[in-house]
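All remarks here apply to the structure that follows.
The values are calculated or read from the model by the stated rules, or taken from the named source; none is laboratory data. Remember, it's a predicted structure, so these values are computed and weren't measured experimentally. Please note: Cβ atoms are built from the backbone with ideal geometry, for glycine as well, and neighbour counts cover all protein chains shown. When the accessible area is computed, the model is the full protein with side chains, heavy atoms only, and any ligands, DNA or RNA have been set aside. Shrake-Rupley method; radii C 1.70, N 1.55, O 1.52, S 1.80 Å.
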Amino acid sequence: MFRFANDARFWDRGASRYAAGPIADRAGYERTLERTRHHLKGGDAVFEFGCGTGTTALRLAPFVGRIVATDISGEMIAIARKRAEAEGCANADFEVATPDAMPCPDGTFDAALGFNVLHLVAAREAALRGVHRLLKPGGIFISKTPCLGEANPLMHIVLPLMQLVGKAPYVSFLSAKDLEREIAAVGFEIIERGRHASRGKDARPFLVARKR
């Protein structure tokens, strides 16, 4: 709980800066959206966790029935709600929540999304089990996760030092194989793998998994 609260405060402090920042790889991001839309249908109920300030949820909202997007940062969610109101987006709801604590019945959603977030979740197994519970049988879980086990080894030194001084949240040094094993272990079957970066080495595998 202490770590969760610290991480929530970290993202609260950086919410405005995060909202104003550009997307680093626009072409890669658009490819991810394209492949995500491919797996969504017009009447789908969609759940997103780690939604940040709502950019992706608002981009996908016109293509689904409704989307419930969540984050641990209240400041991020406040910005996302303002964006939704400004865009006149009526089928996107933004809430402070985590997958393992969502007050929804089992099988509420057709699809779940988790972009650039799983490496930031300390209680990852609980979150993945929460996603699995929230999905209907055969529902789809789509993720794109930085696997820092594949990154520059200096990150293993730099990140802990940044965390000590409050300049970084919890971060896991996952490998892509670790991530796939964890997703499969809670009851999913991986049905699509991709790498969408438009330049350089891509350490963020795009995975589509179906609830067994």
Checklist entry - For Pro62, are the conditions met, namely being at pLDDT below 95, out of contact with any helix residue (DSSP H, G or I) (no Cβ under 7 Å at 6 or more places or on another chain) and either open to solvent by 10 Å² or more (accessible area, probe 1.4 Å) or closer than 24 Å to Ala5 by Cα (or both)? => result no
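How many residues are of a type in the set (A, V, I, L, M, F, W, C) and more than 13 Å from Ser172 (Cα to Cα) if we restrict to segment 143-156?
Qualifying residue count, segment 143-156: 1.
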Checklist entry - If we scan segment 195-207, do we find a residue that is open to solvent by 30 Å² or more (accessible area, probe 1.4 Å), touching a residue at least 24 places away in the same chain (Cβ under 8 Å) and more than 26 Å from Arg26 (Cα to Cα)? => result no
Checklist entry - Of the residues in segment 137-151, how many are open to solvent by 30 Å² or more (accessible area, probe 1.4 Å) and in contact with a Ser or Thr (Cβ under 8 Å, 6 or more places away or on another chain)? => result 2
Item to check | Number of the exception - Asp100 against (1) within 25 Å of Ile23 (Cα to Cα); (2) open to solvent by 20 Å² or more (accessible area, probe 1.4 Å); (3) not in a strand (DSSP E or B) | outcome: (1)
Next on the checklist: in contact (Cβ under 8 Å) with a residue 40 or more places away in the chain and either surrounded by fewer than 19 Cβ atoms within 10 Å (Cβ to Cβ) or in contact with a Leu (Cβ under 6 Å, 6 or more places away or on another chain) (or both): is that true of Asn116 in this structure?
Outcome noted: yes
Checklist outcome for this item: For segment 152-172, pairs from a residue that is surrounded by 11 or more Cβ atoms within 10 Å (Cβ to Cβ) to a residue that is hydroxyl-bearing (Ser, Thr, Tyr), with Cβ under 9 Å and 6 or more apart or across chains, are Gln163/Tyr170
